[in-house]
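Engineer: Have a look at this one.
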Amino acid sequence: MRIAVLNKDFCKPDKCSPFGEKPCIKYCPRVRTGDKTIVLSPDEKYVVITESLCSGEGICIKKCPFKAISIVNLPDPLQDQISYRYGKDQFSLFRMAIPKKGSVLGIIGQNGIGKSTLLKLLSNELKINFGRFDEEIPDWREIIEHYKGSELHQYFIELNESKAKIVHKPQNITVIPKFVSGKVIDLLNKNDIGNQLDQISEKLNLTEILDREISVLSGGELQRVAIAAAYLKDGDIYLFDEPSSYLDVSERINMAKLIRTLSKNNKTIIVVEHDLAILDYLSDYVSILYGQPGVYGIVSHPQGVRVGINIYLNGYIKDENVRFREEPIIFHERPPQESLFDSGDVIFSYDDIDITLGNFHLVASGSEIHAGEIIGVLGPNGIGKTTFINSVSNLVNSGINEDKEENYEKLKVVIKPQYIKIDEEGLVSDLITNIKLAPHLSQSYKKRLINNLNLENIAERKLSELSGGELQRISIAKCLSTDADIYLLDEPSAFLDVEMRLQIAQLLRKSIEELKKSGFVVEHDIITQDFIADSILVFEGVPGLNGKALPPQNLRDGFNTFLKMMGITFRRDSTTKRPRVNKAGSNKDKYQKKINEYYYIPK
């Protein structure tokens, strides 16, 4: 089976050749023999590929200057397993995940691999078409008959007869204020079918913000309100799309516990989540989506949650004999040796910080940061992490410590903010071209940024149309290509999938080490933070009232301090060594708390 996919956003026939010739058409072997394998669309805005005529040499892929064409050969049996296709030369999804009543189905996969399409099919926002977009679309009778004998049979019967009420918590919660106004309590009261508002508000720590206007809520507060609103509705099928974004570790655990309680009421729950520890904690089983982002996605057979996540990390599905990742993702069972920076060059040091903003008070113990060092910042939301980052930036820019070292006044700092807003117009390619590297940075460094952040794949997209994850990648590229001595990154993994999170973690480490500069990274994903940080700076206090930043500690002590505050321990998977959250009060949880090893395996 062969599928051809054209990215219409990338295809620009009027620009691909100065002489008006279309390379994909000109060099296609079948076109040269007289077949109309590739032709211009009637409006001449893009090309059209006829898959049945394509011989699969891939010459058009190489000749296309905008990388708009993908041609993939797939096993023939998949021909009868296509669930949905958006149109000719467009994305295809193969197979379906199988939700079960009274269970939580976790969905894991890269961005652009079909997770949102899958959710839309399961919620009836899209209707299964079996890849038939240019002929008679199947009716419900055919769809139901197709899945006869499987658990999806009854699922689609209830969906067709409107017996199943769908509740959907969307991915991008930052747009909620554009559509919903008023106070938090008014919104939640409208959804409180079972009179559970007080109980749910307490579990999600919403009690103190019930009287606030929705328009002034932070990202984490909006996320918790969206989860509460979804939970309070009387639904049969609950879809949660990336519910951990903007939440701190404690809030993520609270969210996971709450979602799991829905399964006790015989509800069907489907969760898309990129934080592996949280996905593991709340799921009963998982489905892996693999394939080629933007081209096609295949839903794996259901797997037990531990086995499924391990398969995803290893990149090999044994029962399907499919490898979708060349190298497995490896975790560190124990922290690196003691800090290498005790005698390293000090780039910047700061005295104790004392800041009051309205009713909030922040204090931070003075410390120093060394060349090539990344300090990971951990703490609950509303504890002053962003305020601290901005304070360090102000100290550097003001040269307030210049009496300690002559070169402090020459230091430069750059911030990758938590909430990303790009005011520039035009295409991503324009922004990439306009990135001006510092004199000491090579073109190979710029190329590494572009490759690791997959910016070429979105080069012809308009900046105004980018998703949250795409904006995140652009913002990180701009930050790391700026000439600076100290890089401050606030939640760089938000909206990114697992692969990209770990890829960016490795990129940050390599870049900071190569540049011999320093960085602070605020990050709630514990696993990602472990990949990034050399040392840990922990915040404690009362969110919204007071915060205290402790001096940086080594990874073992830093994670112990933070997780002890959260009351959470992590064990290690015996196969992949990935961190897994222990259930509160379990034997492992009690043992690790007793020996003060909350994250790393005791020797």
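The values are calculated or read from the model by the stated rules, or taken from the named source; none is laboratory data. Small disclaimer: the values here were computed from a predicted structure and weren't measured. We place every Cβ from the backbone using ideal geometry, glycine too, and count neighbours over all the protein chains shown. Remember, those area values only see protein heavy atoms, side chains included, never the ligands or the DNA or RNA. Shrake-Rupley method; radii C 1.70, N 1.55, O 1.52, S 1.80 Å.
Engineer: I'd like to know if region 102-121 contains one or more residues that are among the small types (Gly, Ala, Ser) and free of Cβ contacts under 8 Å to residues at least 60 places away in the same chain. I'd like the intermediate steps shown before the answer.
Structural biologist: Kept after step one, since they are among the small types (Gly, Ala, Ser), are these residues of region 102-121: 102-103, 106, 109, 112, 114, 116.
Of the ones still in play, those that are also free of Cβ contacts under 8 Å to residues at least 60 places away in the same chain are none.
The answer is no, given that none of the residues of region 102-121 is among the small types (Gly, Ala, Ser) and free of Cβ contacts under 8 Å to residues at least 60 places away in the same chain.
Engineer: From ILE144, ILE185, which residue is β-branched (Val, Ile, Thr) and under 26 Å from PHE91 (Cα atoms)?
Structural biologist: Values: ILE185 fails: under 26 Å from PHE91 (Cα atoms).
Residue meeting the stated conditions: ILE144.
Engineer: Consider GLY519 carefully, then state whether it is surrounded by 24 or more Cβ atoms within 10 Å (Cβ to Cβ), modelled with pLDDT of 90 or more and in a strand (DSSP E or B).
Structural biologist: When the stated conditions are applied, GLY519 passes them.
Engineer: Sticking with this structure for a sec: Taking region 92-125, which residues are of a type in the set (A, V, I, L, M), within 16 Å of the chain's Cα centre (by Cα) and farther than 22 Å from ALA164 by Cα?
Structural biologist: ILE108, ILE113
Engineer: Another question, if that's okay. Can you pull out the residues in region 26-69 that are assigned to a loop (DSSP other than H, G, I, E, B), free of Cβ contacts under 8 Å to residues at least 60 places away in the same chain and under 32 Å from the mean Cα position of the chain (by Cα)?
Structural biologist: TYR46, GLY58, CYS64, PRO65
Engineer: Taking the stated definitions as given, is THR575 in contact (Cβ under 8 Å) with a residue 40 or more places away in the chain, open to solvent by 10 Å² or more (accessible area, probe 1.4 Å), out of contact with any Asp or Glu (no Cβ under 7 Å at 6 or more places or on another chain) and of a type in the set (Ser, Thr, Tyr)?
Structural biologist: So THR575 fits the description; yes.
Engineer: Looking only at residues that are surrounded by fewer than 20 Cβ atoms within 10 Å (Cβ to Cβ), part of a strand (DSSP E or B) and among the aliphatic types (A, V, I, L, M) in region 281-325, which one is farthest from the chain's Cα centre (by Cα)?
Structural biologist: Out of the qualifying residues, it is VAL322.
Engineer: Would you pick out the residues in region 207-244 that are assigned to a loop (DSSP other than H, G, I, E, B) and either open to solvent by 10 Å² or more (accessible area, probe 1.4 Å) or out of contact with any helix residue (DSSP H, G or I) (no Cβ under 6 Å at 6 or more places or on another chain) (or both)? Working first, answer last.
Structural biologist: Within region 207-244, the first condition is being assigned to a loop (DSSP other than H, G, I, E, B), and the residues that meet it are 210-212, 217-218, 233-236, 242-244.
Result: LEU210, ASP211, ARG212, LEU217, SER218, LYS233, ASP234, GLY235, ASP236, GLU242.
Engineer: Another question, then. What is the one condition in (1) open to solvent by less than 10 Å² (accessible area, probe 1.4 Å); (2) outside any strand (DSSP E or B) that LYS564 does not satisfy?
Structural biologist: The single condition LYS564 does not satisfy is (1).
Engineer: What helices (runs of 4 or more DSSP H), lying completely within region 81-183, carry at least 3 residues that are open to solvent by 70 Å² or more (accessible area, probe 1.4 Å)?
Structural biologist: Output list reads 140-146.
Engineer: Within region 54-78, which residues are surrounded by fewer than 14 Cβ atoms within 10 Å (Cβ to Cβ), more than 17 Å from ASP9 (Cα to Cα) and not acidic (Asp, Glu)?
Structural biologist: GLY56, LYS62, ASN73, PRO75, PRO77
Engineer: Checking LEU262 against (1) closer than 29 Å to TYR84 by Cβ; (2) crowded, with 23+ Cβ neighbours inside 10 Å; (3) of a type in the set (A, V, I, L, M), only one condition comes out false. Which one?
Structural biologist: Of (1) closer than 29 Å to TYR84 by Cβ; (2) crowded, with 23+ Cβ neighbours inside 10 Å; (3) of a type in the set (A, V, I, L, M), only one is false for LEU262: (2).
Engineer: Let me ask you something else. Out of all the residues in region 10-28, which are touching a helix residue (DSSP H, G or I) at 6+ places or on another chain (Cβ under 8 Å) and open to solvent by 40 Å² or more (accessible area, probe 1.4 Å)? Give the steps one after another, and end with the answer.
Structural biologist: First, the residues of region 10-28 that are touching a helix residue (DSSP H, G or I) at 6+ places or on another chain (Cβ under 8 Å): 16-17, 23-28.
The answer is LYS26, TYR27.
Engineer: Taking the condition of being touching a helix residue (DSSP H, G or I) at 6+ places or on another chain (Cβ under 6 Å) and over 21 Å from GLN292 (Cα atoms), how many residues in region 464-480 meet it?
Structural biologist: Residues flagged as touching a helix residue (DSSP H, G or I) at 6+ places or on another chain (Cβ under 6 Å) and over 21 Å from GLN292 (Cα atoms) within region 464-480 amount to 2.
Engineer: Here's something else I'd like to know. Got at least one residue in region 349-357 being out of contact with any His (no Cβ under 6 Å at 6 or more places or on another chain), modelled with pLDDT under 90, under 27 Å from SER511 (Cβ atoms) and among the charged types (D, E, K, R)?
Structural biologist: No: region 349-357 contains no residue that is out of contact with any His (no Cβ under 6 Å at 6 or more places or on another chain), modelled with pLDDT under 90, under 27 Å from SER511 (Cβ atoms) and among the charged types (D, E, K, R).
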